[in-house]
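First comes the structure, then the notes that go with it.
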Amino acid sequence: LEDNDDDSGNEDTYYVGAAKQFNLIPEEQVTYDGAQIWRIAADSGKDEFLDYLQDRGDLSLWSGNRSLIDVLVLPDVIPRVSRFLRQRNIDYDVVITDLQLAINQENPVRTPEEIDELVGRNGHRMEWDSYHRLEDIHEYMDYLANTYPQVCSVMSIGKSVQGRDLKVIRISRGLANAPALWIDGGIHAREWISPAAVTYLIDYLVEHSDQLQEDYYILPVVNPDGYEYTFRGDRLWRKNRANPQKGGSCIGVDLNRNFGYRWGGMGTSKQPCREIYAGSGAFSEPETRAIKDFFQTSAANFQAYLTFHSYGQYILYPWGYDRRVPPDYKELEAVGRRMAEAMRLAGGANSHYTVGNSATTLYAAAGGADDWAKANQKIKYTYTVELRDRGQNGFVLPAKYIKPTAEEAIAAVQVVAKAIRGAS
Ligand code: ARG
Ligand code: ZN
């Protein structure tokens, strides 16, 4: 998206640098002129027809719960898919009529002068009225570590497939025996609101660090290769950028199917071309392995694991692999409801979040980070939060919604922090 290249200066300069660093051959920018998003009423037959259409490469599933599914329909198959649905009396609405138009309007362009002014004023490029490139996010984290060394430190817990750092910021006053929260974002590349909200949370926590009673470990971009690829390749990329299997040509693994609890179960695929490809084995990917290794060596007292996604406005607790609940689900449900209430108060009229068991509320999907955190790391308060919106813009959420959405995320985190202090 040329329009979105607001922070990295000259596109050619950027590309030469990136190509040198990551050995990339320039890839072509995907456009979505005339592509549409349809919201389809899901009835009993929905699974078969979705499988059928997805296998033919006609559709990409954006979101789905038990009653509705959102799908991306490419222009050349609009007539065919529409006929298919009408023949079966399945209702649908066109939610986005020209996806490329929505993409072009999503993120305001910043002039070099505006960026200079920002850096002069704040010492970094980060702000929350536009979506930022990975470099800005990483520089912002380093800025905080340099400026507030008594509360912030930054570490790289590993590298992505293409060699980018997986940067975690630790925010802590160093209180003895403090409980700790893990928070991450950006495991799915196209969910831009997630790293935006998580970095806003970082900003808030640092500003209020004198009141912190717990330690935070925050990884705002779990999937840095995918995230960068959404800016210069395909805005709607989901997976990481893992190389194709021997003999194949499809790129990428769904990192939220690659964790090692019930890996390869329901809601996952063994086919490398699918969006929910689980990888060649549990923790086959360096990004998920880095998180696992971090937890295995960290001395922090983790009591909460929050992973931010979009979209749909859900607060989901385990399990995701099947429609079952953990023994302490009543406490997870109760804290989840308090999160939803706090989010509603923080965000206003559009801030209704649905609370529930992941597989039941959304769909079954095994190998998720949340199930692994709960089952293998024994972290009590484990949630996947699907941020805004409820489908009007889907992944292409205009940047003006970053701040209100991030305020909701902060409210949710505060509820969880209170719960792990035992003060709830
Ligand atoms: N939208 C998320 C995904 O598809 C939901 C994950 C919920 N957790 C789970 N273990 N299924 O990855
Ligand atoms: Zn996601």
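Taken together, the values in this text are just the output of simple stated rules run on the coordinates, not laboratory data. Remember, it's a predicted structure, so these values are computed and weren't measured experimentally. Cβ sites come from the backbone with ideal geometry, for glycine too, and all protein chains shown count toward neighbours.
At a 10 angstrom cut-off on C-beta neighbours, averaged per residue, how do the peptides 122-131, 187-196 rank from highest to lowest?
187-196, 122-131
What net charge do the residues around residue 248 carry, taking every other residue with its C-beta under 13 Å from that of residue 248, with Lys and Arg at +1 and Asp and Glu at -1?
Value of the local net charge: +3.
Considering Cα pairs under 8 angstrom that are at least six residues apart, work out the relative contact order of region 236-363 and quote it in whole percent.
18
So for the pair residue 146, residue 101, with labels modelled 7 Å out along Cα→Cβ, what separation do we get in nm?
A separation of 4.4 nm, rounded to one decimal place.
Which value, in debye to the nearest 20, gives the size of the charge dipole of region 119-179 about its Cα centre, when Lys and Arg are +1 and Asp and Glu are -1 at the Cβ?
Charge dipole of region 119-179: 200 debye, to the nearest 20.
Averaging sequence separations of C-alpha pairs under 8 Å and six or more residues apart, then dividing by the length of the chain, give the relative contact order as a whole percent.
Once divided by the residue count of the chain, the mean separation gives 16 percent.
What residue among 393, 65, 89 shows peak mean-square fluctuation when the chain is described by a Gaussian network model with Cα springs under 10 Å?
89
Along the positive direction of the dipole of the chain (beta-carbon charges: Lys, Arg +1; Asp, Glu -1; about the Cα centre), which of 369, 169, 243 reaches farthest?
369
Answer rounded, prolate or oblate for region 253-384, using the Cα gyration tensor with square roots of eigenvalues a ≥ b ≥ c: rounded when a/c is under 1.5, else prolate when a/b is larger than b/c, else oblate.
prolate
Classify region 307-424 as rounded, prolate or oblate from the Cα gyration tensor: take a ≥ b ≥ c as the square roots of its eigenvalues, call it rounded if a/c is under 1.5, otherwise prolate when a/b beats b/c and oblate if not.
Since a/c reaches 1.5 but b/c is at least a/b, the shape of region 307-424 is classed as oblate.
Given axes a ≥ b ≥ c from the Cα gyration tensor, I'd like to know whether region 166-268 is rounded (a/c under 1.5), prolate (a/b larger than b/c) or oblate.
Prolate, since a/c reaches 1.5 and a/b exceeds b/c.
Step through the residues of region 342-347 one at a time and calculate ³J(HN,Hα) from phi using the Karplus curve (6.51 cos²θ - 1.76 cosθ + 1.60, θ = phi - 60°), rounding each to whole Hz and writing x for Gly and Pro.
5, 5, 5, 5, 6, x
Report ³J(HN,Hα) in whole Hz for each residue of region 233-241, in order, from the Karplus equation J = 6.51 cos²θ - 1.76 cosθ + 1.60 where θ = phi - 60°; Gly and Pro get x.
3J(HN,Hα) across region 233-241, in whole Hz: x, 9, 3, 10, 5, 10, 7, 7, 10.
Determine the distance separating the Cα centre of region 380-424 from the Cα centre of region 214-248; give it in Å without decimals.
Region 380-424 and region 214-248 have Cα centres spaced 21 Å from each other.
Show the residues, 5+ positions off or on another chain, whose built amide H is closer than 5 Å to the amide H of residue 269.
Amide H to amide H, under 5 Å and 5 or more residues apart or across chains, residue 269 pairs with 277, 278.
Residue 355's amide H: which non-local residues (gap 5+, or another chain) put their own amide H closer than 5 Å, with H modeled 1.01 Å from N in plane and none for Pro or chain starts?
Those qualifying (amide H under 5 Å, at least 5 residues apart or on another chain) are 315.
What's the local net charge at residue 358, with K and R +1, D and E -1, over the other residues with C-beta under 11 Å away?
Local net charge: -1.
Which of 202, 402, 69 moves the most in a Gaussian network model of the chain with Cα springs under 10 Å?
Judging by the Gaussian network model, the answer is 69.
Charges only on Cβ, +1 for Lys and Arg, -1 for Asp and Glu: so what's the dipole of the chain about the Cα centre, in debye to the nearest 20?
1840
HN-Hα J couplings of region 379-396 from phi, Karplus 6.51/-1.76/1.60, θ = phi - 60°, integer Hz, Gly and Pro as x?
Using θ = phi - 60°, the values come out as 8, 5, 8, 10, 9, 9, 10, 8, 6, 5, 10, 9, x, 4, 10, x, 5, 8 Hz.
With just the Cα atoms defining each centre, how far is region 257-291 from region 68-136? Give it in Å.
About 26 Å separates the Cα centre of region 257-291 from the one of region 68-136.
What residue among 72, 118, 59 shows peak mean-square fluctuation when the chain is described by a Gaussian network model with Cα springs under 10 Å?
Per the Cα network of the chain with a 10 Å cutoff, 118 tops the list.
Determine, for each peptide in 32-41, 92-101, the mean count of other beta carbons within 10 angstrom over its residues, then list the peptides with the highest first.
Packing proxy ranking, top to bottom: 32-41, 92-101.
Which log10 I(q)/I(0) values does the chain give at q = 0.06, 0.13 Å⁻¹ under the Debye formula, counting every alpha carbon as one identical point scatterer?
Each listed q maps to, in turn, -0.23, -1.18.
Could you pull out every residue, at least 5 positions away or on a different chain, whose amide H is within less than 5 Å of the one on residue 305? Hs are placed 1.01 Å off N in the peptide plane, and Pro or chain starts have none.
Under 5 Å from the amide H of residue 305: 182, 381, 382, 383.
Calculate the dipole size of region 199-281 relative to its Cα centre from +1 charges on Lys and Arg beta carbons and -1 charges on Asp and Glu beta carbons; express the result in debye to the nearest 20.
For this selection, approximately 900 debye.
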